[in-house]
Amino acid sequence: MSASVETASLLADRIVALEESSTLAMTKKARELAAQGHKVISLSVGEPDFKTPKHICEAAKQAIDEGYHGYSPVAGYADLRKAIADKFKRENKIDWKPENIVVSTGAKHSLANVIQVLVNPGDEVIILAPYWVSYSEMVKLAEGKSVILNGAFENDFKVTARQLEEAITDRTKIIMYASPNNPTGSVYSEEELRAIGAVVAKHENVFVLADEIYEHINFTDKGHFSIGSIPEIKDRVITVNGVAKGFAMTGWRIGYIGAAKWIADGVEKLQGQVTSGTGSISQRATIAALNGPMEPTYEMSKAYQRRRDLVVKLLKEIPGFKVNVPEGAFYAFPDISYYYGKSDGETTINNSDDFALWLLNKAYVATVAGSGFGAPYGLRISTAASDEALAEAVQRIKDAVATLK
Ligand SMILES: Cc1ncc(COP(=O)(O)O)c(C=O)c1O
């Protein structure tokens, strides 16, 4: 049967209801324009532009030579789970044992697993917004209900403990957030997370899903704080992390959780029926990443900080853009809503989707509309590109918006 209107209607309802990932959709369009010969600057994808550090690649080669070619245990190799438990103790002050760890195919998979394992139809998942595009779709797949709580621009896009307290109901199962954040780069401080933790402590059936994938790309003086290190709620916090961002290993597809044993066991059970253990060579390489030198990671983080400074400075020069200063990750997230309702004579911009598409077609700069992140006023610009590409891209954006009246 070829793809047609009829076959599309044969898809399961849960897939029909799912949104396509907006970040991947923009990347696809940018590739198409580039294939037509246009000089596209692609700032849509959330991917480090660095290579995986050499010692990690060497460990992978060694694993191939040593014969790590078979299935791995469903929850990951024992020595990798130990390396992750050690990492949680060393860097996050969370005391997990290897039995609390499950390794999966990227942090995305880890997040989706936890939601499948904990959410019953109708359960509410409070998502601190702006949020990463996939969160709400993962909740939808589990037949849960997303409750989006927005952080104010004035509060660096962060949701307060008081806002959270007001949003919790009898149906609340999980509170979910990323810090450092994608798309805003905001970092929740220890003080803010302790206040949120105090609210969670009062609601004994509520869990926290803390996405710490950008942990190592943090430009604050105080560094990263893990809400899972708060003893009163430790057993109700599931900490998700991985190697994609901090070690430039997006394609290796390794993510992991640290969680109470019954939750880890639930994830292992699910994985045992759906994916089995993730790639053996990638797991061996991850041991080298976690136990090895951190200098390459610190160097990459320094480069992201320098680019953040450059992009923020240039974006602030664009009339009408409201720009926060990201404290981590590799994105800028200007409020571009000043331009809604304006036109270049041919195209009228009514929302962030219009803006991102117009910018791609007009200036060949690929970004991502804020709408998919629960922030329809914004535009996500990845800063994981060279200084030259970033400077050129922002100049193109500046020139393009000058035509909007
Ligand atoms: C906030 C956030 N969480 C999780 C992920 C997924 O990471 P991974 O590549 O390990 O699946 C991403 C990737 O873009 C992300 O931005």
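None of the figures in this text is laboratory data; all of them are computed from the coordinates on show. All figures in this text were calculated on a predicted structure; none of them were measured in a lab. No Cβ is skipped: glycine too gets one built from the backbone with ideal geometry, and neighbour counts run over all protein chains shown.
Could you work out how far the C-alpha centroid of region 224-270 sits from that of region 31-79, in angstrom?
Using only Cα atoms, the two centres lie 20 Å from each other.
In region 161-260, what GluC sites (Glu not before Pro) fall in a loop by DSSP, with at most 13 other Cβ atoms inside 10 Å?
Values: sites: E165, E166, E190, E191, E192, E204, E212, E215, E232; in loops: E204, E212, E215.
Sites meeting the loop and neighbour criteria: E204.
So what is the relative contact order for region 132-247, in percent, with contacts set as C-alpha pairs under 8 Å and at least six apart?
Relative contact order, region 132-247: 22 percent.
Classify the chain: rounded, prolate or oblate, from the alpha-carbon gyration tensor (a ≥ b ≥ c, eigenvalue square roots; a/c under 1.5 rounded; otherwise prolate if a/b is larger than b/c)?
rounded
Note the full-extension length gain between K222 and D13 as 0.36 nm times their separation in residues minus their Cα-Cα distance, in nm to one decimal.
Full-extension gain reported as 70.6 nm.
If amide hydrogens are placed 1.01 Å from N in the peptide plane, which non-local residues have theirs closer than 5 Å to the one on N150?
A129
Using θ = phi - 60° and the Karplus form 6.51 cos²θ - 1.76 cosθ + 1.60, what ³J(HN,Hα) does each residue of region 190-197 get, whole Hz, x for Gly and Pro?
Coupling constants for region 190-197: 4, 4, 5, 6, 5, 5, 5, x Hz.
Modelling each spin label as a point 7 Å along the Cα-to-Cβ direction, I'd like the K316/T348 distance in nm, to one decimal.
Distance between label points: 3.5 nm.
Run through every distinct alpha carbon pair of region 67-209 and return the Kirkwood hydrodynamic radius in angstroms, one decimal place.
After inverting the mean inverse Cα-Cα distance, the result is 16.6 Å.
In whole Hz and in residue order, list the ³J(HN,Hα) couplings for region 344-353 that follow from phi through the Karplus curve 6.51 cos²θ - 1.76 cosθ + 1.60, θ = phi - 60°; x for Gly and Pro.
Along region 344-353, the couplings run 9, x, 10, 10, 9, 9, 10, 7, 5, 5 Hz.
Subtract the Cα-Cα distance of A391 and A152 from 0.36 nm times their separation in residues, and report this length gain in nm to one decimal.
That works out to 83.2 nm of additional length.
Multiply the residue gap between A34 and Y298 by 0.36 nm, knock off their C-alpha separation, and tell me the result in nm, one decimal place.
91.8 nm
Residue by residue through region 239-246, what is 3J(HN,Hα) from phi via Karplus (6.51 cos²θ - 1.76 cosθ + 1.60, θ = phi - 60°)? Round to whole Hz and write x for glycine and proline.
9, 10, 8, x, 10, 4, 8, x
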